[in-house]
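Here's the structure, in structure tokens; my notes come after.
The values are calculated or read from the model by the stated rules, or taken from the named source; none is laboratory data. Treat the numbers as computed from the prediction; the structure is a model and nothing was measured. Glycine gets a Cβ as well: all are built from the backbone with ideal geometry, and neighbour counts include every protein chain shown. Accessible surface areas use protein heavy atoms only, side chains included; no ligands, DNA or RNA. Shrake-Rupley method; radii C 1.70, N 1.55, O 1.52, S 1.80 Å.
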Amino acid sequence: MISQDLIEHVNATMPFAIQTRRYLHENPEVSANEFNTSEYLKAECRKLGLSIENVSKDAISAGTGFIAIFDTGIPGKILGLRTDIDALPINENTENETRTRLVISHHPNVMHACGHDGHMATLLSAMRILISRRRLKSGKLIFIFEEGEEASTGIHAMIRLLKEKKIDAIYGQHLFSGLETGQIALAEGPITSSSLRIQMTIHGRGGHISRPDLSVNPVIAAAYIVTNLAGAWVNQLPPEQLMTFGLSQINGSPVRNVIPDKAYIGGSFRYHKDEVGEKAFRLIKEVSKSVAYAHKCSVSFSDDSGPSARAVINKDPYLIKIGRESINLLFPRSLITDFRWGASESFGHYAKVCPSLFTLIGTKNEKVGSGAEHHSEYFDLDEKSLMFSIGLMVQIAETFLGDHFQMEKGDHDAK
């Protein structure tokens with residue numbers, strides 16, 4: 001039986017959700033700089049009478065992430081609901097896939113190109129519904145506003161704070177242009193990939209372009225490293241394991257007639273199994289150093305090279321059951337049970353705190369032009385997808401806190 005009462009509440013909240021999403025889309029801020037975004041979100045939380053705790057990244061910086069708490073006043077289970085709040089350093093195209101955009105960023109070279117504006121609008125809307133419906137008779141809700149998901153600037157400080165809160169479960173979701181609006185993916189097992197960041201510097205000896213024999217050109221070495229990594233990838237890693245490797249940056253001299261002292265290569269590797277990631281990182285280091293040596297250069301890797309995000313894994317049977325039943329209750333025929341996304345998401349780290357659940361909410365609609373890849377200048381959302389993300393978040397929260405089943409507390413690991 002469809003939960004018609006909740007659908008009506010969601011429909012009534014949609015104007016607020018759309019207005020919120022459009023404001024946030026027009027005013028994006030990149031990772032670790034979401035100062036105005038954070039204040040806007042806190043103001044909305046205060047309107048609902050919620051207490052707020054800032055996330056302290058260190059003794060000096062409070063960061064932009066925070067949590068807001070709704071306490072029923074009666075002991076019970078504790079559920080976390082999470083959104084990310086940052087945008088990307090991308091210059092937004094005035095067109096999406098098929099038409100001129102309804103709303104566009106007011107800030108050059110900053111864009112919500114991954115749906116985080118929709119995530120924030122979803123959480124704020126779900127908060128309003130959950131509090132106004134008064135269906136929660138016990139327990140707490142902790143609303144999680146995570147700084148810098150794209151650059152992993154806030155996740156570790158957030159995890160430290162949440163470990164103190166004795167949370168029973170955390171739910172998160174991602175609006176996803178690879179699924180049609182109305183489709184919701186809740187797979188068991190890995191649903192996104194782990195990510196390994198590659199940032200290497202090739203060291204040579206600079207000089208004038210007219211006498212390359214008097215220099216050691218790191219650009220040439222970098223080019224050979226790129227081609228040799230591709231060959232090693234094919235011949236030395238197991239083909240049956242899901243993994244992707246992409247190099248997106250190769251930088252040398254800013255001047256065409258100057259051989260630089262250094263060149264830079266950047267990219268990332270995505271995988272599901274930790275042992276595959278570890279083997280791949282060793283291979284990348286070995287090949288890069290060997291090729292550089294052959295060209296009389298050396299290679300160094302930045303301190304933040306290596307694993308940067310862990311796979312999001314749905315493995316708690318109770319949460320999977322609640323999630324799928326909630327989808328079927330609200331949106332019959334929307335559930336997809338076998339779907340994986342090759343991208344990475346910092347949400348995987350929340351499994352260190354407690355059991356977690358993650359869903360993908362479709363936002364692809366050719367009629368409104370919302371089908372471009374995430375992180376593309378053409379990326380856009382179908383605002384109708386917010387109905388599905390909001391409704392599902394509320395249904396899962398009300399079901400989880402209303403169920404007397406007690407989950408085991410303690411530290412968890414998604415490996």
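If we scan region 358-371, do we find a residue that is open to solvent by less than 50 Å² (accessible area, probe 1.4 Å), out of contact with any helix residue (DSSP H, G or I) (no Cβ under 6 Å at 6 or more places or on another chain) and more than 21 Å from ALA17 (Cα to Cα)?
Within region 358-371, not a single residue is open to solvent by less than 50 Å² (accessible area, probe 1.4 Å), out of contact with any helix residue (DSSP H, G or I) (no Cβ under 6 Å at 6 or more places or on another chain) and more than 21 Å from ALA17 (Cα to Cα).
Pick from ILE131, ILE159, ILE155, ILE90: which is touching a Leu at 6+ places or on another chain (Cβ under 8 Å) and among the β-branched types (Val, Ile, Thr)? Walk me through it before giving the result.
Values: ILE159 fails: touching a Leu at 6+ places or on another chain (Cβ under 8 Å); ILE155 fails: touching a Leu at 6+ places or on another chain (Cβ under 8 Å); ILE90 fails: touching a Leu at 6+ places or on another chain (Cβ under 8 Å).
ILE131 is the lone residue from the list that is touching a Leu at 6+ places or on another chain (Cβ under 8 Å) and among the β-branched types (Val, Ile, Thr).
Cβ-Cβ under 7 Å, sequence separation 6+ or interchain: first residue in region 182-200 and more than 30 Å from ALA221 (Cβ to Cβ) and free of Cβ contacts under 8 Å to residues at least 24 places away in the same chain, partner part of a strand (DSSP E or B) and aliphatic (A, V, I, L, M). Which pairs?
Going by the 7 Å Cβ cut-off, there are no qualifying pairs.
Is one or more of the residues making up region 136-147 open to solvent by less than 10 Å² (accessible area, probe 1.4 Å), assigned to a loop (DSSP other than H, G, I, E, B), among the charged types (D, E, K, R) and out of contact with any helix residue (DSSP H, G or I) (no Cβ under 7 Å at 6 or more places or on another chain)?
Initial filter on region 136-147 (open to solvent by less than 10 Å² (accessible area, probe 1.4 Å)): 139, 141-147.
Restricting the remaining residues to those that are assigned to a loop (DSSP other than H, G, I, E, B) gives 139, 147.
This time we only want the ones that are among the charged types (D, E, K, R), so: 147.
Checking the rest, the ones that are also out of contact with any helix residue (DSSP H, G or I) (no Cβ under 7 Å at 6 or more places or on another chain) come to 147.
There is at least one residue in region 136-147 that is open to solvent by less than 10 Å² (accessible area, probe 1.4 Å), assigned to a loop (DSSP other than H, G, I, E, B), among the charged types (D, E, K, R) and out of contact with any helix residue (DSSP H, G or I) (no Cβ under 7 Å at 6 or more places or on another chain).
Looking at region 310-348, which of its residues are under 27 Å from LYS166 (Cα atoms), at pLDDT 95 or above, open to solvent by less than 40 Å² (accessible area, probe 1.4 Å) and not β-branched (Val, Ile, Thr)?
ASN314, ASP316, TYR318, LEU319, GLY323, SER326, PHE347, listed by residue number.
Among the numbered criteria (1) touching a strand residue (DSSP E or B) at 6+ places or on another chain (Cβ under 9 Å); (2) not in a loop (DSSP other than H, G, I, E, B), which one does THR227 miss?
Only one criterion is unmet by THR227, namely (1).
Provide a single number: the residues in region 346-373 that are assigned to a loop (DSSP other than H, G, I, E, B), closer than 22 Å to GLY391 by Cα and under 16 Å from the mean Cα position of the chain (by Cα).
Residues that pass the stated criteria total 0.
Within region 1-110, considering only strands (runs of 3 or more DSSP E) that don't extend past its boundaries, which have at least 3 residues that are more than 30 Å from PRO332 (Cα to Cα), of a type outside the set (A, V, I, L, M, F, W, C) and open to solvent by 20 Å² or more (accessible area, probe 1.4 Å)? First the steps, then the outcome.
On the way: elements: 51-54, 66-71, 78-84.
Output list reads 51-54.
With the condition kept exactly as written, say whether any residue in region 244-265 is open to solvent by less than 20 Å² (accessible area, probe 1.4 Å) and within 29 Å of HIS349 (Cα to Cα).
yes
For every residue, the table says whether it meets (1) in contact with a His (Cβ under 8 Å, 6 or more places away or on another chain); (2) of a type in the set (A, V, I, L, M, F, W, C).
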{"residue": "ARG46", "(1), (2)": "no, no"}
{"residue": "GLY49", "(1), (2)": "no, no"}
{"residue": "ASP84", "(1), (2)": "yes, no"}
{"residue": "ASN93", "(1), (2)": "no, no"}
{"residue": "ASN96", "(1), (2)": "no, no"}
{"residue": "LEU124", "(1), (2)": "no, yes"}
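Do you know which residues across region 2-23 are without any contact (Cβ under 8 Å) to a residue 60 or more places away in the chain and among the small types (Gly, Ala, Ser)? Break it down into steps so the answer makes sense when it comes.
So the first thing to find is which residues in region 2-23 are without any contact (Cβ under 8 Å) to a residue 60 or more places away in the chain, and the list is 4-5, 8, 12, 15, 19, 23.
The one that is without any contact (Cβ under 8 Å) to a residue 60 or more places away in the chain and among the small types (Gly, Ala, Ser): ALA12.
Within region 196-218, work out how many residues are open to solvent by 10 Å² or more (accessible area, probe 1.4 Å) and either assigned to a strand (DSSP E or B) or in contact with a His (Cβ under 9 Å, 6 or more places away or on another chain) (or both). Let's see the steps before the verdict.
To start, the set of residues in region 196-218 that are open to solvent by 10 Å² or more (accessible area, probe 1.4 Å) comprises 197, 199, 201, 203-217.
After this cut, where a residue has to be either assigned to a strand (DSSP E or B) or in contact with a His (Cβ under 9 Å, 6 or more places away or on another chain) (or both) as well, the list is 197, 199, 201, 203-205, 207-208, 214-217.
Number of matching residues: 12.
Taking into account only those residues within region 174-194 that are among the polar types (S, T, N, Q) and open to solvent by less than 10 Å² (accessible area, probe 1.4 Å), which is modelled with the highest pLDDT? Break it down stepwise before answering.
Taking region 174-194 first, the residues among the polar types (S, T, N, Q) are 177, 181, 183, 192-194.
Filter again for open to solvent by less than 10 Å² (accessible area, probe 1.4 Å), leaving 177, 192-194.
Values: SER177: 97, THR192: 90, SER193: 87, SER194: 87.
Result: SER177.
Look through region 266-303, keep the residues that are charged (D, E, K, R) and under 30 Å from PHE339 (Cα atoms), and return whichever of them is surrounded by the most Cβ atoms within 10 Å (Cβ to Cβ).
So the first thing to find is which residues in region 266-303 are charged (D, E, K, R), and the list is 270, 273-275, 278-279, 282, 285-286, 289, 296, 303.
Applying the additional criterion that residues be under 30 Å from PHE339 (Cα atoms) yields 270, 273-275, 278-279, 282.
Numbers: ARG270: 22, LYS273: 16, ASP274: 13, GLU275: 10, GLU278: 14, LYS279: 17, ARG282: 10.
Among those residues, the one meeting the criterion is ARG270.
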